[in-house]
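Note sheet for the following structure.
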Amino acid sequence: MSAPADPARGSAAGGAPVLSTAGLQIAFSGRSGRAAARAVDGVDLEIGAGEIVALVGESGCGKSTLARALLGLVRPTAGAVSFHGRGLVYRPRDLKAFRRRVQLVLQDPTGALNPRHTVYDAVAEGRRIHTGSTADERDHVAEALSRAGLRPPERFFLRYPHELSGGQRQRVAIAGALILQPEVIVADEPVASLDASVRGEILQLLLRLRDDYGLAALVVTHDLGLAWNIADRAAVMYLGRVVETGTVEEVLAAPRHPYTRALLSVLPESSAGEQQILAGEPPDPTRIPAGCRFHVRCPVLASGAAQAAGVADRCRSEDPGMLGGSPGVAQVACHWAHAPEPEPAEWAGPG
Amino acid sequence: MKQSTPAGATGERPAPATADAGGRYLEVDDLSVSYRTAGGEIPAVRGVSFGLEPGRKLGVAGESGCGKSTVALALLRLLPRSARTSGSVLLDGEDVLAMRWGRLRAVRWSGASIVFQGAMHALNPVQRVGGQIAEPLLVHGRADPAQARGQAAELLEQVGLPAWRARSYPHELSGGQRQRAMIAMALACRPQLIVADEPTTALDVMIQAQILRLIDELVAGLDISMLMISHDLSVLAETCDRLAVMYAGRIVEEGPAEEVFAAARHPYGAALSAAFPRVGDPASRRAPRGLPGDPPDPAELPSGCAFHPRCPEAQERCSRVDPLLWPAGADRSAACVRVLTPEQERAAGVPPADEGGGADRGHTAEPDPDGAAPAQARPHPQEWS
Ligand SMILES: Nc1ncnc2c1ncn2[C@@H]1O[C@H](COP(=O)(O)OP(=O)(O)OP(=O)(O)O)[C@@H](O)[C@H]1O
Ligand SMILES: Nc1ncnc2c1ncn2[C@@H]1O[C@H](COP(=O)(O)OP(=O)(O)O)[C@@H](O)[C@H]1O
Ligand code: SF4
Ligand code: SF4
Ligand SMILES: [Mg+2]
Ligand SMILES: [Mg+2]
């Protein structure tokens, strides 16, 4: 495998991250006097060269908003997005150059492709826009298609989206991103609209692109199985914040945050003990609770375990704070997980 | 129940599936649907039979295009005009396919309702969510405007949305929030049968768990029957009593949900279930598994077993034998030649695994004059055990 040193640690050894955020906040102003929605509320996140990072969390927690910010599609309210250590410049010309190197792959390949464009045009389009060049275009399109697993590529040149299966369409969308030879792709739920059988194939493709070409990826998903299948690191997001990060093994096989544990417990066919279906109002970014933002739904606080550990008051009044984004260190934003005594309850393990 | 030989009695339609029709709210028998298109007839569903008792849940799984949604739409006669349907769909003893228009309308509102896949397109973008949920209650005179507003708020809370979301427009909700609003709409008239086509596919695990628990409570508490369609075998295994796996318009495996998921007898069922990683399982770490190839074009089905071009366990005879839904263990059935014992092979006229001959007796979709071949997708679990 020609992957960067140790894929499990991504860029930990390799120094500066490719893409990162620092103290990132994005608020959408409220309509008619309602409070602003703090969709992203202080996130430090790093994606190293050749690293696959999974950003997981429930619907509405701000994953897509964060992903859009990483692509320069939304401007931060506070904090910054950096590419190779340099802050993004939100001028059309700079953004265009940036987006060449950081490409987006969307959830629904059907919606992303123009039904009247052939596969060839769909894949070539990005390059024409970004380079204004059609030199050697055929070769580039063929190369991108075969990297995306559509071989022999010529067979697909003149097909239209409706003549392709869902998996093939997603491969075309990925080829369209690959033609610019980006360093990072940001994939927002890249397989959510695909069948399980096809899903495995696309995930294998993302792994192969990393292994063969060192392509880094941020994969946004609420599918923990996907993270287990392909990611090196996972960041669990709750109500605008990353509340737990670490390697996939650390976060998904030995979770420390009560929210991560709850997520794992409700996976269908999970063996991680009793289901902890979180009740109460789903997170609302216009009304982020004081103290730990998870405290109103936290099973550890509700069960008295936080009280027993002597942290219950802090849960209600003190924000556990933001996590640093650097890879290589497992981190958790939870008073209880950091409490020295008693030991956090035995974790039955998801598998 | 009426006995029939494994191959079906001569000249007679074989007895209905697994049990007596009595007590079943829904009874689907030999349902076939084809779409007429410019390019010819597309056989989307080819002889599907199943039944459903009140308070029970049947899961239907399979890749996209295998005919799941077509079955769902056929149950309430919601198919487009281009569709041709045969067989029967009994809802509480009445044949939906033969109902008059007025009766059908009544049934669609209070007898059965459908939760469609793709909430984005099903919601009206310019109407507030609460109004859309209250609408069926008002139209059917079940509530006055104030009551309907109250019930809409209750329904929203039941599916995990705060009541104030009633005033939101669909675009103000996240993807998952919109899908929940859709489910609230389907619950509004308290139907007896809910057909849920990919009800939780766009939802995250936590909301999915809430919705599945909600569905569980409704089905058990109100004796609602539920047909749940999903490509996610793990969700169906967790939620449903029984599981039917479809491939190319047919049911190819049927049985108790947990058993089918844990140990499928049909190679397609097995491949589908392997595609769901278990978090924490070292075998699936950095090793996503899929099933290569695409499902067949229904207009150009492969000969013999429709799965044979993709089947990792295909044998030489598989391109000639079109397998029926045969018994495959207690209360289970599978449409695969591998589930047959040699005696069963002989009785069904299936050529043995290693023998080249018998092509003349190979089963195709054409009816065999002996009545040995045409019973498709029809379980006879008791008869051979
Ligand atoms: N343009 C907008 N105006 C107001 N609120 C918004 C806007 N876009 C997103 N939001 C709100 O911000 C929060 C985060 O939304 P986002 O789309 O990032 O969630 P997500 O984690 O991607 O969810 P999903 O898994 O459902 O896609 C949600 O509460 C959403 O309602
Ligand atoms: N209105 C239609 N006209 C023609 N073909 C259709 C129509 N609807 C579905 N089909 C075809 O019928 C088959 C089954 O489709 P569908 O029931 O939607 O499958 P599923 O829900 O399992 O994905 C597919 O091959 C599909 O292309
Ligand atoms: S800080 Fe307290 S409330 Fe927050 S997750 Fe930890 S235990 Fe729960
Ligand atoms: S009949 Fe043959 S091709 Fe079909 S599923 Fe069984 S082994 Fe595979
Ligand atoms: Mg999103
Ligand atoms: Mg469908």
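The values are calculated or read from the model by the stated rules, or taken from the named source; none is laboratory data. All values derive from a computational prediction rather than experimental measurement. Here the Cβ is made from the backbone with ideal geometry for all residues, glycine too, and neighbour counts use every protein chain on show. Accessible surface areas use protein heavy atoms only, side chains included; no ligands, DNA or RNA. Shrake-Rupley method; radii C 1.70, N 1.55, O 1.52, S 1.80 Å.
Annotations for the structure displayed:
- Fluctuation leader among A:Pro17, A:Pro289, A:Pro152 - chain A, Gaussian network, Cα springs under 10 angstrom: A:Pro152
- Taking 7 Å steps out from each Cα toward its Cβ at B:Ala106 and B:Gln127 produces label points 2.4 nm apart.
- Charge tally around A:Gly42: other residues with Cβ under 13 Å, Lys/Arg +1 each, Asp/Glu -1 each, net 0.
- Fraction of antiparallel bridges per DSSP, the protein assembly as shown only, in percent to nearest 5: 60 percent
- Global geometry of segment A:255-344, whether rounded, prolate or oblate, following the gyration tensor of its Cα atoms and the 1.5 cut on a/c: rounded
- Per residue, the accessible area of the protein assembly as shown comes to 40 Å² when a 1.4 Å probe rolls over the protein heavy atoms.
- Relative to the Cα centre, the charge distribution of segment A:115-179, modelled as +1 at Lys and Arg Cβ and -1 at Asp and Glu Cβ, gives a dipole magnitude of about 220 debye.
- Shielded by partner chains, segment A:223-257 residues - at least 20 Å² of accessible area, 1.4 Å probe, vs chain alone: A:Gly225, A:Trp228, A:Asn229, A:Glu249
- HN-Hα J in Hz across segment A:29-34 - Karplus 6.51, -1.76, 1.60, θ = phi - 60°, x for Gly and Pro: 5, x, 7, 5, x, 6
- Beyond 41 Å, the tail of the calculated P(r) for the protein assembly as shown holds 34 percent of the Cα pairs.
- Using a Förster distance of 56 Å, the FRET efficiency for A:Ala290-B:Ala98 (Cβ separation, nearest 0.05): 0.35
- GNM result for chain A, Cα springs below 10 Å: residue of A:Ser270, A:Ser82, A:Ser64 fluctuating most strongly: A:Ser270
- The GNM of chain A, with springs linking C-alpha atoms under 10 angstrom apart, assigns the highest mean-square fluctuation among A:Leu215, A:Leu24, A:Leu267 to A:Leu267.
- Remark: mean inter-chain Cβ contacts per residue of B:267-277 equal 4, using a 10 Å Cβ-Cβ cutoff to other protein chain atoms.
- Of all DSSP-defined beta bridges confined to chain A, some 55% are antiparallel rather than parallel.
- Cβ crowding within 10 Å averaged over residues, with B:255-267, A:88-100 ranked highest first: B:255-267, A:88-100
- Averaged over the residues of A:186-199, the number of partner chain Cβ atoms lying within 10 Å of the residue Cβ comes to 6.
- Reciprocal mean inverse distance between Cα atoms of segment A:127-226 - Kirkwood radius, Å: 14.2 Å
- Sulfur and carbon atoms: percent of accessible area, segment A:115-179 [1.4 Å]: 48 percent
- For the chain pair A and B, the buried solvent-accessible surface (1.4 Å probe, both sides summed) amounts to about 4100 Å².
- Averaging 1/r over each pair of different alpha-carbon atoms in chain A and inverting the result gives 21.2 Å, the Kirkwood hydrodynamic radius.
- Across peptide B:59-65, the mean count of Cβ atoms from other chains lying within 10 Å of each residue's own Cβ comes to 3.
- Convex hull of Cα atoms in segment A:115-179, direction-averaged projection (nm²): 3.8 nm²
- Neighbours of A:Cys298 by Cβ distance under 11 Å: Lys/Arg scored +1, Asp/Glu scored -1, total +4.
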